[in-house]
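The values are calculated or read from the model by the stated rules, or taken from the named source; none is laboratory data. Keep in mind that this is a model prediction, so the values were computed, not measured. Virtual Cβ from ideal backbone geometry, glycine too; neighbours counted across all protein chains shown. Areas reflect the complete protein model, heavy atoms only, side chains present, ligands, DNA and RNA absent. Shrake-Rupley method; radii C 1.70, N 1.55, O 1.52, S 1.80 Å.
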Amino acid sequence: MAMASFRLLPLALLLSTFLSALLLAVAHARAPLLDQTIRLPSQRAAGHEEDDSVGTRWAVLIAGSNGYYNYRHQADICHAYQIMKKGGLKDENIIVFMYDDIANHRENPRPGVIINHPQGGDVYAGVPKDYTGKEVNVKNFLAVLLGNKTAVTGGSGKVVDSGPNDHIFVFYSDHGGPGVLGMPTYPYLYGDDLVDALKKKHAAGTYKSLVFYLEACESGSIFEGLLPNDIGIYATTASNAEESSWGTYCPGEYPSPPPEYDTCLGDLYSIAWMEDSDVHNLRTESLKQQYDLVKKRAAAPEDSYGYGSHVMQYGSLDLNAEHLFLYIGSNPANDNTSFVEDNSLPLLSGAVNQRDADLVYFWQKYRKLAESAPEKNDARKELLEMMGHRSHIDNSVELIGNLLFGSSDGPMVLKTVRAAGEPLVDDWSCLKSTVRAFELQCGSLAQYGMKHMRSFANICNAGILPEVMAKVTAQACTSIPTNRWSATHMGFSA
């Protein structure tokens, strides 16, 4: 206010103004200072405005498979949702992708219920169905990550509408292969497309930091040589670039699922980080502490006969000093529990290679049926068709390698693993064209066939052009098997 006008004010008004200001100052002095904590969009709507120095937590949870034999992936995602929910995240900024064909499947012994542990409770209750069925696809997933509402088709329409101070957590559980992640729809998600989307997210300035947890075979190959270390993204993977990840709580292993279940309930890496998150105060546990615990729990024990994997980390490793609370909140019930390096969570005495978990299901289904049961022949047919599909894919890829490089060099070329830090392939377009050429002549790779992506990548790295590949696949495969695994009517992997 200008000094000239100040002098013209009546004395009573001046005194009233002075007293009001004094009372306001006293009230502010008595009020406690607000903690600088993360606030949610709902808090903004309630009148709690965000300070520029704090941000919102977002979570994207995706199960990239379907079918009851893949029960564990949707169980993982539902469990993760319950952790986010108990941690304080609101449904408005948790986005869930799941085919949603498990809970009410005719073979589910507990209709409407999904469990992720043999003695576990229902993790399905309350899970938002943002994107289900055919809405679980590459286009929608990348659009949601990028916050692109106009590019989303179907579903709830929710996207990661984040700002520069926000923190994002992504959890992806599925089958995979070198450089590729599965989807219940076609095409599959390739490493270059995922990392390109993450780079675009960074360029848009719409997050402060992002954490990506990835459960899949050869999941390290998605980020190896691709994910920069300076864009505020920290990723951990269930396995390195050349090994399988593992299903757990499977029939015949210990601990086993309840006897009425014929399928694995979870995945080793996934249940390791989630069962840790279930019981600890995540306000004090760092990403690095959880990484070390998960790495130890997923590693192969000396007497394991080969199961277990090497959990890896990529990207901005400096972020792993941050507390998990920053990304997934923390259950207030765990406020008095503290993380200790010698964690009490049990090491598991058995696990099943992710690629064989479906065989476990089909075998259990066949084995448990009485010889006189009318469904016995159908179960036998399903099992034989799956084994036949696997044999066809393996033999076709081997033959193509021999035709291209000779029977002595072919196996060596196809199995070559690049040095650590190098991407799977130099030309990702060539890889996708090579996969398409194979599927056109030999049939769908399906989830099992993703294991051969390194072979296709090495064909490209050797300089074989897609048109040459097309001619050779026509020689190797004179027909496509008639089983449902090989059929291409649903689309192609690339």
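Any idea what Rg and Dmax come out to for the stretch 215-326 if you just take the C-alpha atoms, in Å?
Gyration radius and largest Cα-Cα distance of the stretch 215-326: 15.1, 48 Å.
For the chain, give me every cysteine whose Cβ has no other Cys Cβ within less than 4.7 Å, ordered by residue number.
By the Cβ distance rule, which asks for a partner under 4.7 Å, the isolated cysteines are Cys78, Cys217.
Round to a whole number: what % of the accessible area of the chain belongs to carbon and sulfur, probe 1.4 Å? Mind showing how you got there, number by number?
Working: 11850 of 21460 Å².
Heavy-atom surface of the chain belonging to carbon and sulfur, 1.4 Å probe: 55 percent.
Using square roots of five times the C-alpha gyration tensor eigenvalues, list the equivalent-ellipsoid semi-axes of the chain in whole Å, biggest first. Mind dumping the intermediate values first?
Working: eigenvalues 466, 144, 86 Å².
Its equivalent ellipsoid spans semi-axes of 48, 27, 21 Å.
Towards the positive end of the charge dipole of the chain, with charges on Cβ (+1 Lys, Arg; -1 Asp, Glu), say which of Pro184, Gln447, Ser256 has the farthest Cα.
Projecting each Cα onto the dipole axis, the largest value belongs to Pro184.
Relative contact order, percent, of the chain when contacts are C-alpha pairs under 8 Å separated by at least 6 residues? Write down the numbers at each step before the final one.
On the way: 991 pairs, mean separation 69.4, N = 494.
In percent, rounded to a whole number, it is 14.
Specify the angular offset, from 0 to 90 degrees and rounded to the nearest 10, of the alpha carbon long axis of helix 287-298 from the longest principal axis of the alpha carbons in the chain.
20 degrees
Which shape class applies to the stretch 177-265: rounded if a/c is under 1.5, otherwise prolate when a/b exceeds b/c and oblate if not, where a ≥ b ≥ c are the square roots of the Cα gyration tensor eigenvalues?
Working: a/c = 2.43, a/b = 2.25, b/c = 1.08.
Verdict is prolate for the stretch 177-265.
Please list the three semi-axes, largest first and in whole Å, of the ellipsoid equivalent to the stretch 117-275, using sqrt of 5 times the eigenvalues of its alpha carbon gyration tensor. Don't jump to the answer; show the numbers that get you there.
Values: eigenvalues 160, 74, 46 Å².
After diagonalising the Cα gyration tensor, the semi-axes are 28, 19, 15 Å.
Between the helical axis of 357-368 and the dominant principal axis of the chain, each derived from Cα atoms, what acute angle in degrees is found, rounded to the nearest 10?
Helix 357-368 and the main axis of the chain meet at about 60 degrees.
Can you give me the solvent accessible area of Ser429 with a 1.4 Å probe, rounded to the nearest 10 Å²?
The accessible area of Ser429 comes to roughly 80 Å².
Note down the accessible area of His202, probe 1.4 Å, to the nearest 10 Å².
80 Å²
Students often get this wrong, so check it: of Lys139/Lys376; Lys149/Lys208; Lys200/Lys288; Lys86/Lys368, which have C-alpha atoms separated by over 29 Å?
Lys139/Lys376; Lys86/Lys368
Do you know the relative contact order of the stretch 170-326, to the nearest whole percent, from alpha carbon pairs under 8 angstrom that are 6+ apart?
Worked out over the stretch 170-326, it gives 23 percent.
Just reorder Trp363, Trp428 by solvent-accessible area, largest first, 1.4 Å probe, all chains present.
Result of the area sort, largest leading: Trp363, Trp428.
From the protein chains alone at 1.4 Å, what is the descending order of accessible area for His310, His452, His323, His489, largest first?
Details: His310 105, His452 25, His323 80, His489 150 Å².
Largest accessible area first, the residues go His489, His310, His323, His452.
Could you rank the peptides 228-240, 155-167 by their average count of other C-beta atoms within 10 Å per residue, with the highest value first?
228-240, 155-167
Any idea of Thr337's accessible area? Nearest 10 Å², probe 1.4 Å.
So the heavy atoms of Thr337 present about 50 Å² to solvent.
With 10 Å bins from zero, work out the P(r) of the stretch 116-187 over every alpha carbon pair and list the percent per bin.
With 10 Å bins starting at 0, P(r) equals 16, 40, 34, 10, 0.
For the chain, what is the mean residue ellipticity at 222 nm derived from helices alone (per DSSP H run of n ≥ 4: -39500 (n - 2.57); sum divided by total residues; nearest 500 deg cm²/dmol)? Intermediate values should be presented prior to the final figure.
Details: 16 runs with 184 residues, N = 494.
Taking each H run of at least 4 residues, the total per residue is -11500 deg cm²/dmol.
On a 0 to 90° scale, report how tilted helix 466-476 is relative to the longest principal axis of the chain, with both axes built from alpha carbons and the result rounded to the nearest 10.
Computed tilt is about 40 degrees.
What percent do you get for the relative contact order of the stretch 47-167 when only Cα pairs under 8 Å and 6+ apart count?
It comes to 29 percent, rounded to a whole number.
Under a 1.4 Å probe, what is the accessible area of the chain per residue, stated in Å²? The partial results should precede the final answer.
Working: 21460 Å² over 494 residues.
Value for the chain: 43 Å² per residue.
Which value, in debye to the nearest 20, describes the size of the charge dipole of the chain about its Cα centre when Lys and Arg Cβ atoms bear +1, Asp and Glu Cβ atoms bear -1, and nothing else is charged? List each step's numbers first, then the result.
Details: 41 positive and 57 negative charges, 216 e Å.
Here the chain has a charge dipole of around 1040 debye.
With all protein chains present and a 1.4 Å probe, how do Thr248, Thr150 order by accessible area, largest first?
Working: Thr248 0, Thr150 130 Å².
Largest accessible area first, the list is Thr150, Thr248.
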